[in-house]
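Read the structure below first, then the notes.
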Amino acid sequence: MNMVGRAISTFGKRTLIIRCDAAQLPGLYTDVLDRTMKPVGKIVDIFGNVKAPLATVICRDRCTIRPDEKLFSKGQAGAGRERRVYRKRA
């Protein structure tokens, strides 16, 4: 388990903003878990300062995470989904 970051605030019913550790930046579409290892949602955007990045998490259900609660992810930091690049032939 890797620590993704700490919750900052919620927007609406299903959007969560978290502060990430710049050294262990998670990849996009990484699953986010709470301290009891229950799935919370997926990271859909990373933004903000390079030294203190923020991430947007879309929660599966109504977001019940409290501010300053630690969140975790499975797998390697920065893994994310890889996308195949297609190039035109000359």
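Where a number appears in this text, it was derived from the coordinates with a stated rule and is not lab data. Computed from a prediction, not measured in an experiment: that's the story for all the values here.
Over all distinct Cα pairs, what is the inverse of the mean 1/r for the range 2-63, reported as the Kirkwood hydrodynamic radius in Å? Kirkwood hydrodynamic radius for the range 2-63: 11.5 Å.
Listed by chain and number, the lysines whose C-alpha is less than 30 Å from the C-alpha of Lys42, apart from same-chain residues fewer than 8 away, are Lys13, Lys51, Lys70, Lys74.
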